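What follows is a single structure, written as structure tokens, with notes after it.
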Amino acid sequence: MKEKTLLITGASRGIGAEIAKLFAQNGYNISFCYKKSDIEAKAVEEELKKFNIKVYSQKADLTKINEVKNFVENSIKVFKRIDVLINNAGVSLQKLFIDCDEKDYEYIFDSNFKSMVLTTKFVLPNMLKFKGGKIINISSIWGEIGGSCEVLYSASKSACIGFTKALSKEYGLENIIVNAISPGFILTDMNKNLSENEIEDYKNTLSLNKLGTTQDVAELALFLASKKSDYITGQVIGINGGAY
Ligand code: NAP
């Protein structure tokens, strides 16, 4: 394979870290950012380097335009070309909508949606310059069907779907392929507050009666980044064990 680079947001933990590892294992150079988990990020970086690829990591709060710009500019300095962008960083909030305030709105939409918009804005010129690229946005099942007590989170993930579809139309002729992955429940730090009973109840609603893993999501991301999926664009690929 010719040398390729993945730029992924939020790869210090969870789904992002797993995706970075699978891509590294498959020969991609990796540029990743994270918000605060220095120790975890260092550990991910060390693991990625074992695959004999180039790695760049930076602490960057993606809710702040200057930090996004700086992270993307530094990544391009190191790797010249970004072949694949995965907008993965995100946060959740479980709260009744009636109790949510403007701060909650800003926290969720800035972390989940503004971060995606800004990162894409700064990566896109590089993809246009090299006449192609793949963008994969991590949405959520709740962005498709809506989740009770997660109204703001669900709405931010629906925004991700609209963004994906529109962007795929605007840049299709430039050979830029844009899709969204929509995972169901995947056990990570994001949902570690749920009780065993709650997790069991959710599992019992699934056709496959088992939870998805970060590896399942990473395999789908690798497929969407590969040539095998070159005719897929503007799609939302659900990976949820048959939740609906
Ligand atoms: P996670 O384990 O909590 O990890 C979140 C990652 O995003 C961390 O690397 C975190 O960095 C980073 N991040 C958060 N806010 C950031 C910011 N402002 N700037 C930079 N980095 C930031 O979450 P996850 O479960 O892997 O989720 C990954 C993505 O999948 C999210 O978009 C989430 O909404 C989506 N998703 C998850 C599930 C699920 O069940 N887990 C289901 C559907 C969709 P730090 O470590 O430094 O905080």
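Read the figures in this text as sums done on the coordinates, not as results from a lab. Here the structure is a predicted model, which means the values were calculated and not measured. Heads up, the Cβs are rebuilt from the backbone with ideal geometry, glycines too, and the neighbour counts pull from every protein chain shown.
Show me 30-38, 92-100, 133-141, 50-58 ranked by packing, highest mean number of other Cβ atoms within 10 Å first.
Taking the mean over residues of other Cβ atoms within 10 Å, the ranking is 133-141, 30-38, 50-58, 92-100.
Return the sequence-ordered ³J(HN,Hα) values of segment 136-148 in whole Hz as given by the Karplus equation 6.51 cos²θ - 1.76 cosθ + 1.60 applied to θ = phi - 60°, using x for Gly and Pro.
10, 9, 8, 8, 6, 4, 5, x, 8, 10, x, x, 5
When you count, for each residue, the other Cβ atoms within 10 Å and take the mean per peptide, how do 195-203, 65-73, 226-234 rank with the highest first?
Result, highest mean first: 65-73, 226-234, 195-203.
With no solvent and one equal point scatterer per Cα, compute the Debye intensity ratio I(q)/I(0) for segment 1-72 at 0.19, 0.23 Å⁻¹ and report its log10, rounded to two decimals.
Summing over Cα pairs of segment 1-72 leads to -0.67, -0.94.
For segment 116-244, what does the convex hull of the Cα positions come to per residue, in cubic angstrom?
115
Can you list the residues, at least 5 places off or on another chain, whose amide H is less than 5 Å from the amide H of Gln235, using H built in the peptide plane?
Result for Gln235 returns Ala180.
Using a ≥ b ≥ c from the Cα gyration tensor of segment 1-147 (square roots of the eigenvalues), is it rounded, prolate or oblate, where a/c under 1.5 gives rounded and otherwise the larger of a/b and b/c decides, a/b for prolate?
prolate
Let's see if you can work this out: charge +1 on each Lys and Arg Cβ, -1 on each Asp and Glu Cβ, no other charges. What is the dipole magnitude of segment 155-234 about its Cα centre, in debye to the nearest 20?
My answer is approximately 260 debye.
Under a Cβ-Cβ cut-off of 13 Å, what is the net charge of the residues other than Ala159 that fall near it, where Lys and Arg count +1 and Asp and Glu count -1?
Its environment carries a net charge of +1.
Karplus couplings for segment 189-202 from phi (6.51 cos²θ - 1.76 cosθ + 1.60, θ = phi - 60°), rounded to Hz, Gly and Pro as x?
Along segment 189-202, the couplings run 4, 4, 10, 5, 6, 6, 7, 4, 5, 4, 5, 4, 4, 4 Hz.
Spelling out what I want: for every residue of segment 5-22, take phi, set θ = phi - 60°, compute 6.51 cos²θ - 1.76 cosθ + 1.60 (Karplus), and round to whole Hz; glycine and proline get x.
Couplings: 10, 9, 9, 10, 9, x, 10, 7, 8, x, 4, x, 4, 5, 4, 4, 5, 5 Hz.
If you take the charge dipole of segment 7-122 about its Cα centre, with +1 on Lys and Arg Cβ and -1 on Asp and Glu Cβ, which of Ile65, Leu22, Leu93 is farthest toward its positive end?
Working it through, the farthest residue towards the positive pole turns out to be Leu22.
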